[in-house]
1. Test A:T96 against the stated conditions and say whether it is out of contact with any helix residue (DSSP H, G or I) (no Cβ under 9 Å at 6 or more places or on another chain), modelled with pLDDT under 85 and either surrounded by 20 or more Cβ atoms within 10 Å (Cβ to Cβ) or within 23 Å of B:I307 (Cα to Cα) (or both).
2. From the set of residues in the stretch B:295-311 that are at the interface with chain A (Cβ under 8 Å from one of its Cβ atoms) and open to solvent by 50 Å² or more (accessible area, probe 1.4 Å), which is nearest to the chain's Cα centre (by Cα)?
3. Please work out if A:L243 is more than 14 Å from chain B (Cβ to nearest Cβ), touching a strand residue (DSSP E or B) at 6+ places or on another chain (Cβ under 9 Å) and part of a helix (DSSP H, G or I).
4. Is it the case that A:T55 is crowded, with 21+ Cβ neighbours inside 10 Å, within 14 Å of chain B (Cβ to nearest Cβ), in a strand (DSSP E or B) and of a type outside the set (A, V, I, L, M, F, W, C)?
5. Only one residue in A:R273, A:R292, A:R251, A:R286 is within 11 Å of another protein chain (Cβ to nearest Cβ), assigned to a helix (DSSP H, G or I) and among the basic types (K, R). Which one?
6. Within the stretch B:176-209, track down each residue that is closer than 20 Å to B:L73 by Cβ, surrounded by 21 or more Cβ atoms within 10 Å (Cβ to Cβ) and at pLDDT below 85.
7. Return yes when A:S274 is within 30 Å of B:R292 (Cβ to Cβ) and buried (at least 18 other Cβ atoms within 10 Å of the Cβ) and no when it is not.
8. Based on what the data block shows, is B:T153 of a type in the set (S, T, Y), open to solvent by less than 10 Å² (accessible area, probe 1.4 Å), touching a Lys or Arg at 6+ places or on another chain (Cβ under 9 Å) and at pLDDT below 90?
Number of protein chains: 2
Amino acid sequence: LSKPTAAQQAAELVTRLLGGDRAALARVITHLERDGAGAREIDTLLAPHVGRAYTVGVTGAPGAGKSTIVGSLLAAALAQNQRTAVLALDPVSPLTHGAILGDRLRMEHITADERVFVRSMTADAHGGGLSVVTPLAIRALDAAGWPWIFVETVGVGQSEIDIVEAAATTVVVLNPGWGDEVQSIKAGLMEVADIFVINKCDRDGAAETRRDLERLIAQAPPSAWKPPIVDTIANQGSGVDALWQAINDHRGFQEQSQLLPGRRDRFLRLALRSLAQQSLNARIERFGASARFKDLLGKVTRGEDSIHSAADKLLKQLLKD
Amino acid sequence: LSKPTAAQQAAELVTRLLGGDRAALARVITHLERDGAGAREIDTLLAPHVGRAYTVGVTGAPGAGKSTIVGSLLAAALAQNQRTAVLALDPVSPLTHGAILGDRLRMEHITADERVFVRSMTADAHGGGLSVVTPLAIRALDAAGWPWIFVETVGVGQSEIDIVEAAATTVVVLNPGWGDEVQSIKAGLMEVADIFVINKCDRDGAAETRRDLERLIAQAPPSAWKPPIVDTIANQGSGVDALWQAINDHRGFQEQSQLLPGRRDRFLRLALRSLAQQSLNARIERFGASARFKDLLGKVTRGEDSIHSAADKLLKQLLKD
């Protein structure tokens, strides 16, 4: 008997995934992460089966309590017998793996439940980064029939902001006393938030943080949806039902206002743009090792060429290859 | 009299910049930020005059004390009559402007000195982001004859890490008690640090943070340069001389080991790659508004095409235009 080809293995895995096999789903996501043989075939086979899931992005700084909130939301969804999947993204290097996993152990007591699927992914798993793998993994969860998908990520860079923005509902988690955080690192997220959470709302500064947020919301361009601010103490379960309600309200609002096709387009745009950029970056990397690129660098170093002109030549070369 | 062309204005500005005119330098950087008429000519005119400056990148989380440290380093450099320029980068949205500037007022008492040049830049100033503008601004400062250039940025995303990594010496600033930070958000920076600073070292947890760092350094691949850890209380000036010494030690080490040409190549690679990517992204954005792109999205939405195959078509189209 000959060994099955990558395409045959992919077909078998996807058949099992579509039949509800959790192990097959996990293996499919691993294939997508590694971008190995079969990743392309897998997405082709999944394509006719996607389009039913509702995606919720949850983001905020490290330590804000994102994992605890997602864990509590899982419980709230289960109380209504809603099956829910979680993608926990770790946009940092291999060194960090332990710490992040430790943080996520809190979710584990719940993951024995058949109605829950939890998966962590790291950026280093893949040359293209999480903005390439995440949309593909969401499509796999969608095709596997998971109606709710929570995507949890640290909101540190533009690509992470892109990822949560591609969700149908985006939740931004803050803590009291984060006036400076609200003003600085989180500003990009302010612009994409559908719902704000002030977690650990029993701590000093909660009122000021709420006031800061209200001012930012008031300054935003007028819109039919005004982001609510939900107070939570997630590790005591306090406020989580209100948050689950706010998520469902936002979903209902978007369904009524016919906004979901636009959100889906935004998600696909992100996925397409990320894959195309990945492919272009691969060309730049390949060319970067060439003698012609060293020539280009040498000319710039000796002041014989400008950066702009050298970049033009680089691009021309890339597009020719 | 006819109005001078952009090229004529650029030539006049660059002549003044090369003659030591600070206002001309500031205007040149503004031109580069806006990528307006003349930006390309400016870099061409600067090209023969660059290659003498030494660039130090300073990064860390918001609130770590980067601005205070850079301000103190300026004072240490001045005490040795070293002329020094600072580029303070703000990789966030326009909303944040006030807060970051407030943080940087501390530097202002020193900026009346002729031997100092301080400039802030924001990411939103330019479609291509700071990874495009920063190398161009560094080249302008270099050509203007500034022998030391400090680049200060919040180490939040990959592009910010790229920027500080392109410096000849990279300083990573941490605070005591940041065990979790060391493990998570800063891990990418661990790999690029030439010097670590534990600022506010009189606070609880300094010893643990040092131990965490020492363990990370010990785990790193063996190298001729072992990153030192410098304790500072920057707002009291404590430890800053030791940090200035460590920077000079690292510079001396790299000069002796002939490592600076490699660093310069890395800097130019970043600059070229960023400019080329910016140009490619502009093509993607343009195409994203086209009817053909909507067709592509529609096929994926209806499950008639996979993401990979649609991305291939997108790329083919981009390279044809």
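The values are calculated or read from the model by the stated rules, or taken from the named source; none is laboratory data. Keep in mind that this is a model prediction, so the values were computed, not measured. Every residue, glycine among them, receives a Cβ derived from its backbone with ideal geometry; neighbour counts consider all protein chains shown. SASA here: full protein model, heavy atoms, side chains in, ligands and nucleic acids out. Shrake-Rupley method; radii C 1.70, N 1.55, O 1.52, S 1.80 Å.
1. Against the criterion (out of contact with any helix residue (DSSP H, G or I) (no Cβ under 9 Å at 6 or more places or on another chain), modelled with pLDDT under 85 and either surrounded by 20 or more Cβ atoms within 10 Å (Cβ to Cβ) or within 23 Å of B:I307 (Cα to Cα) (or both)), A:T96 does not qualify.
2. Taking the candidates together, the pick is B:T301.
3. yes
4. When the stated conditions are applied, A:T55 does not pass them.
5. One residue alone meets the criteria, A:R273.
6. B:L189
7. Considered against the rule, which asks whether it is within 30 Å of B:R292 (Cβ to Cβ) and buried (at least 18 other Cβ atoms within 10 Å of the Cβ), A:S274 comes out as yes.
8. Spelling it out, B:T153 is indeed of a type in the set (S, T, Y), open to solvent by less than 10 Å² (accessible area, probe 1.4 Å), touching a Lys or Arg at 6+ places or on another chain (Cβ under 9 Å) and at pLDDT below 90.
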